[in-house]
1. What number of residues in the range 95-126 are in contact (Cβ under 8 Å) with a residue 40 or more places away in the chain and in contact with a strand residue (DSSP E or B) (Cβ under 8 Å, 6 or more places away or on another chain)?
2. Scan Ala123, Ala143, Ala95 and give me the residue that is of a type in the set (A, V, I, L, M), surrounded by 12 or more Cβ atoms within 10 Å (Cβ to Cβ) and under 30 Å from Arg57 (Cα atoms).
3. Which pairs do you get when a residue that is touching a residue at least 24 places away in the same chain (Cβ under 8 Å) and exposed (fewer than 13 other Cβ atoms within 10 Å of the Cβ), found in the range 20-38, comes within reach of a residue that is of a type outside the set (A, V, I, L, M, F, W, C) and assigned to a helix (DSSP H, G or I), reach meaning Cβ atoms under 8 angstrom, with the pair 6+ apart or on two chains?
4. Which one of these is in a helix (DSSP H, G or I), among the aliphatic types (A, V, I, L, M) and more than 21 Å from Tyr156 (Cα to Cα): Ala95, Ala66?
Amino acid sequence: MQPTMKSKSSGASTNISISRDDIPLPDQLKMLCAASRPVLLKTIQKLAKQNPRELDRIVHSFHLQAFSFYDCLDCANCCRTISPAMSHNDVDQLAKKLKIKPSDLVVKYLQIDDDSDYVFNEAPCPFIGADNFCSVYSHRPKACREYPHTDRPRFYQLLKLSLKNAEICPVVYAILMKFLKQDF
């Protein structure tokens, strides 16, 4: 289902959608985000003023459209460049999958970051393979399961994070750029 957006200037509804052509190659993201940063910031500011339910409806529709044809295994930029924040439950689940004690998992794979969260002590993720498959997929941390967060409720709360994620995830970049091209 394609979302519609009403133009503030004309009041007309326009169908908008995400296509394969909207999604850049992962290795282009840093350059594209750097070049687009001022307009992306303005887009985030505009999105913050939108009706939260309407914003969720549109972003979730974009998410479903994009991931109906985009395969994360073709990218895995998130697994190669950032570390998820992990809860104690995440640590327990990973340890269970690996059949080791949680304390051993912490010693071998994790460190505490500036926000006092457990994160991997190296990038890329120690569980990502050369084929981009995750060896702990069924027990991966919550932050990995929810990434890139474009299908979460209350997207307005994730706008700043989404700006950062646009540098990592081609789908997030495409979604933000799609809003940029709309008069809302």
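1. Looking only at that region, the number is 1.
2. Numbers: Ala123 fails: under 30 Å from Arg57 (Cα atoms); Ala95 fails: under 30 Å from Arg57 (Cα atoms).
After applying the criteria, what remains is Ala143.
3. Partner pairs satisfying both residue conditions: Leu25/Pro170.
4. Ala95
Taken together, the values in this text are just the output of simple stated rules run on the coordinates, not laboratory data. Keep in mind the model is a prediction, meaning the values are calculated, not measured. Note: ideal-geometry Cβ built from the backbone for every residue, glycine included; neighbour counts use all protein chains shown.
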